[in-house]
1. Give me the percent of the accessible area of segment 39-78 that comes from carbon and sulfur atoms, probe 1.4 Å, all protein chains in place.
2. Around Ala62, what is the net charge, scoring Lys/Arg as +1 and Asp/Glu as -1 over all other residues with Cβ under 11 Å from its Cβ?
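The values are calculated or read from the model by the stated rules, or taken from the named source; none is laboratory data. Quick caveat, the model's predicted, so the values are computed rather than measured. Here the Cβ is made from the backbone with ideal geometry for all residues, glycine too, and neighbour counts use every protein chain on show. Note: areas computed on protein heavy atoms with side chains; ligands, DNA, RNA excluded. Shrake-Rupley method; radii C 1.70, N 1.55, O 1.52, S 1.80 Å.
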Amino acid sequence: MCLAVPGKVMDIEVRDGTRMATVDFGGVVKEVCLEYLPDLQVGEYAIVHVGFALQRLDEQSARQTLDLFATLGILQEEFADPWELAAEAGGAPWPDGSEAPQEAQK
């Protein structure tokens, strides 16, 4: 599944002529292109889909959506490494040798 997820802009830089941001999605941090929202600023929230910020969002709506996604486990599903998820599903240990957390074993 591929969702549009709200995230908070942590910093902005221009890389190879493209405005990029580090965005926090409730604890998951990713790089995002800001070309569709050229006036988006640090501290603001945006809806992000496939690495592009598409629409500005108020903080309350963003937090409510992130809380709901976290409750439903959607953030883990959306942002997790598919190889890691497959290994966990198969009962493989984590790279540090520990067992996967209980929520990952479901």
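1. Reported share for carbon and sulfur atoms: 52 percent.
2. Values: positive: Lys8, Arg56, Arg63; negative: Asp24, Glu44, Asp58, Glu59, Asp67.
So the environment of Ala62 carries a net charge of -2.
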